[in-house]
Amino acid sequence: MMPRLTALIAAAVVAGCVASAPPGEPPPDALRLLPAEPAASVLYVALGDSTVEGVGASSPAHNYVGRLHERLRAVYPRARLMNLGVGGATASGVRSRQLPRALELQPDLVTLSVGPNDITGKRDLESYARDIDAILRTLTRRTSAVVVVNLIPDLTVTPRFRGKEIEPGVRKRVVAFNEILARQARGYGAELVDLYAASQREVPSRPDLIGPDRYHPSDEGYARWAELMWAGIEARIMR
């Protein structure tokens, strides 16, 4: 599975504005960009689970969503944030409860981070794929937002799973779910941020990136997460 995931990520990066739509979908529009004008009132909506809510951070300002908002305000002083992330959310929950609110808000920027609860809750791949497809299809059709999707970090580098009997099975599911995310993000022209490879490289040698619950990021972990996500957002700012 790993070579296939690597190939999908590479394809998503290389594709740029020439993304291939999922079966039955028209090709996505030209690459969506955030405005060049600093005076623009950019609305950022964050969708997802406990990492979006900020579990493990010392305050909302120190989770990755709060840090991204701070970076956005350095470019767009009038930038606003609506964080819809909820601990325990699955892709189904984002689709049914968070997405309708996002549509009401009509954001300029959306980040989507969801999947660990689907993995640990043993949801099947087909259901997860349908939910991610519906979320991205709806955001593409019914908003003009730039959408940034992150791959799921390798959960098995955290003490919660590392060295446990379930580690190989969890890692296999993370890879399979990330293949879905990479394929769908490419198909809908979303920006893809690879937190999976970064977590594999960095977490084993930096235990400070994981919080006291031995699973969620710490303040330092969220700071690094924000750096990686910002690179994806910055690539979509019109120059």
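Derivation of every value follows stated rules applied to the coordinates shown; laboratory data play no part. Keep in mind that this is a model prediction, so the values were computed, not measured. Backbone-built Cβ (ideal geometry, glycine too); neighbour counts: all protein chains shown.
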**Asked** Counting only residues 5 or more places away or on other chains, whose amide H sits under 5 Å from the amide H of VAL86 once H atoms are built in the peptide plane?
**Response** GLY48, ASP49, GLU53
**Request:** Throw me the Rg/Rh for the chain, computed over C-alpha atoms with Kirkwood Rh, two decimals.
**Result:** 0.94
**Item:** the chain, dipole about Cα centre (Lys/Arg Cβ +1, Asp/Glu Cβ -1), debye to the nearest 20
**Value:** 200 debye
**Fill in**
Taking every other residue with Cβ under 14 Å from the Cβ of PRO217 and scoring Lys and Arg +1, Asp and Glu -1, one gets -4
**Fill in**
Out of ASN178, LEU195, HIS69 - ranked by how far each Cα lies towards the positive end of the dipole of the chain, with unit charges on the beta-carbon of charged residues - the top one is ASN178
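From the mean inverse distance of alpha carbon pairs (Kirkwood) and the Cα radius of gyration, derive Rg over Rh for the stretch 149-239. Each step should come with its number before you reach the end.
Details: Rg = 14.1 Å, Rh = 14.0 Å.
Rg divided by Rh gives 1.01.
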**Item:** Cα pair distances in the stretch 103-199, grouped into 10 Å bins until the bin that holds the longest one, percent each
**Value:** 15, 46, 28, 9, 1
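Relative contact order for the chain using alpha-carbon pairs under 8 Å, separation at least 6, rounded to a whole percent? Before the final figure, lay out the partial values.
Details: 431 pairs, mean separation 66.5, N = 239.
For the chain, the relative contact order is 28 percent.
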**Message:** Counting C-alpha atoms alone, how compact is the stretch 68-160: give Rg to one decimal and Dmax as a whole number, in angstrom.
**Reply:** 14.4, 42
